[in-house]
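What follows is one structure encoded as structure tokens, with my remarks underneath.
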Amino acid sequence: EVQLVESGGGLVKPGGSLRLSCAASGFTFSTYSMNWVRQAPGKGLEWVSSISSISNYIYYADSVKGRFTISRDNAKNSLYLQMNSLRAEDTAVYYCARVVGYCSGGGCLGSFDYWGQGTLVTVSS
Amino acid sequence: DIQMTQSPSTLSASVGDRVTITCRASHSISSWLAWYQQKPGKAPKLLIYKASSLESGVPSRFSGSGSGTEFTLTITSLQPDDFASYYCQQYNSYSYTFGQGTKLEIK
């Protein structure tokens, strides 16, 4: 059974940092691109970042570029999101999600077939 | 970035009704579109991929259609479990975008 379990969320002050983790099991993690998606309270879904299976292609939403860093450790079946210079508008539930689709020169694109349960990040003084 | 516009934002319907949600892309995305269902406090669930392909395990009352810039999600014979929020998502570019969502409410 495919499982994605996020951790690392919590309360942090504006300007602070937080590192989220996503532990994957039940599939060959090293062969899938992965994403982070967030959802602010009462709002819609916002894609945050993508990383290809061997970390050679990485993409960010403009809203987090330069502040967030996505990474993965295929030996540990884990995905990470390092979040620096946090702002109130980064307050959200953060989900990790697996990509299933097609691969081209810039990596793999597709729909998100498995999601974690989410971890809440609250940025407030 | 490709913008995705969903309509309506809210939809009121009754059990047994047939409903349609529309999603429009600001640029052509071929058939690279997915639909998700989300219930309060839960992660989104993939319903439809590649515009019209039904994800395994999803009831056949859900269907998707469209290509280019206009897409629809149709639910025939609404069941109580279907009252939730629905999102479209394009995956034509590496900067994924979601529609703003449609909340399906019980009339």
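In square angstrom, what is the accessible area per residue of chain B with a 1.4 angstrom probe?
That works out to 44 Å² for each residue.
Could you list the trypsin sites (Lys or Arg not before Pro) in the stretch A:59-91 that lie in coil according to DSSP, counting only those with at most 14 other Cβ atoms within 10 Å of their Cβ?
Listed in order of number, the matching sites are A:LYS65, A:ARG87.
Only four residue types carry charge here, +1 at the Cβ of Lys and Arg and -1 at the Cβ of Asp and Glu. Report the dipole size of chain A about the Cα centre in Debye, rounded to the nearest 20.
In total the dipole reaches around 280 debye.
Counting only protein heavy atoms, probe 1.4 Å: which residues of the stretch B:90-107 lose 50 Å² or more of accessible surface in the full assembly compared with their chain by itself?
Checking the loss per residue gives B:TYR91, B:TYR94, B:TYR96, B:PHE98.
Ignoring any ligand, DNA or RNA, what whole percent of the accessible area of chain A comes from carbon and sulfur when the probe is 1.4 angstrom?
Ligands and nucleic acids excluded, carbon and sulfur give 50 percent.
Using protein chains only (no ligands, no nucleic acids) and a 1.4 Å probe, work out which residues of the stretch A:43-70 have their accessible area cut by at least 40 Å² relative to the chain alone.
Residues passing the criterion (a loss of at least 40 Å², heavy atoms only) are A:LEU45, A:TRP47, A:TYR59.
Before anything else, pin down the relative contact order of chain B: Cα pairs under 8 Å, at least 6 apart, normalised by residue count, whole percent.
38 percent
Over chain A, what is the relative contact order in percent, taking alpha-carbon pairs closer than 8 angstrom and at least six residues apart?
34 percent.
Once B and A are treated as a pair rather than alone, how much accessible area drops out, both sides summed, in Å² to 100, probe 1.4 Å?
That pair hides around 1800 Å² of surface in total.
Of the accessible area of the stretch B:28-107, with the probe set at 1.4 angstrom, what percent is carbon plus sulfur?
Carbon and sulfur: 48 percent of the exposed surface of the stretch B:28-107.
Count neighbours as other Cβ atoms within 10 Å of each site's Cβ, and list the GluC sites (Glu not before Pro) in the stretch A:1-89 that are DSSP loop with at most 12 such neighbours.
A:GLU1
Which ³J(HN,Hα) values in Hz, rounded to whole numbers, follow from the phi angles of the stretch B:13-21 under the Karplus curve 6.51 cos²θ - 1.76 cosθ + 1.60, where θ = phi - 60° and Gly and Pro get x?
8, 10, 4, x, 6, 10, 10, 10, 10
Report the full-extension gain for the segment B:THR72 to B:ALA13: residue separation times 0.36 nm, less the Cα-Cα distance, to one decimal in nm.
19.6 nm
Spelling out what I want: for every residue of the stretch A:19-26, take phi, set θ = phi - 60°, compute 6.51 cos²θ - 1.76 cosθ + 1.60 (Karplus), and round to whole Hz; glycine and proline get x.
Whole-Hz 3J(HN,Hα) from phi for the stretch A:19-26: 10, 9, 10, 9, 8, 10, 8, x.
The values are calculated or read from the model by the stated rules, or taken from the named source; none is laboratory data. Keep in mind that what you see is a predicted model, and the values were worked out from it rather than measured. Note that each Cβ is placed from the backbone with ideal geometry, even for glycine, and that neighbours are counted across all protein chains shown. For accessibility, only protein heavy atoms count, side chains too; no ligands or nucleic acids. Shrake-Rupley method; radii C 1.70, N 1.55, O 1.52, S 1.80 Å.
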